[in-house]
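Notes to accompany the following structure.
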Amino acid sequence: MELIVIRAFGDYFSANLTLTKLQAFGVECYLKDEYTVTIDPLLTNAIGGIKLVVKDKDEARARKLLEQFDEEYMKGATCPICGAHDFKYIAKRGVTNFVTAILTWLFSSYSIAPEHVYQCGNCGYESKNLPETIIEE
């Protein structure tokens, strides 16, 4: 039996919420480096964050469930401009991201865009945070 890392988190809360959701669906999973990151958050980037690990036999099911959770989360957001529920998490367009991507590509084997935004697929509205669902009474 081998443990596979299927996702990494920068904070305790997101990691534990996802862990609990997977466990509720019967997936045996664990958090690696949870205590290290919780005690010393400055080490998060150095050790790769809190890692969600599953047994190799459960990997496909866990990945599918995570994909469903992410879709539900994105569909729960309402665009404040057009009211659509069609958000995607993309690299922000702009000179800074473009230059960073080119430089990281030149000096390493892949490019990195440091800034990402949530973008409405309907009207193009962009936000650093996913807009909350608007509940009308």
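Odds and ends about this structure:
- At q = 0.13 Å⁻¹, base-10 log of I(q)/I(0) for the range 1-108 (Debye sum, equal scatterers on each alpha carbon): -0.69
- Close amide-amide hydrogen proximity is noted between LYS92 and GLU115, HIS116, VAL117, each under 5 Å apart and 5 or more residues distant or on a separate chain (H modeled in the peptide plane; Pro and chain starts excluded).
- Distances between placed amide hydrogens fall under 5 Å for TYR125 paired with CYS120, all partners being 5 or more residues away or on another chain.
- Taking each of LYS32/LYS64; LYS88/LYS128; LYS92/LYS128 in turn, the alpha-carbon distance tops 19 angstrom for LYS32/LYS64.
Every number in this text was worked out from the coordinates using simple rules, so none of it is lab data. Note that the structure is a prediction, hence the values are computed from the model and not measured.
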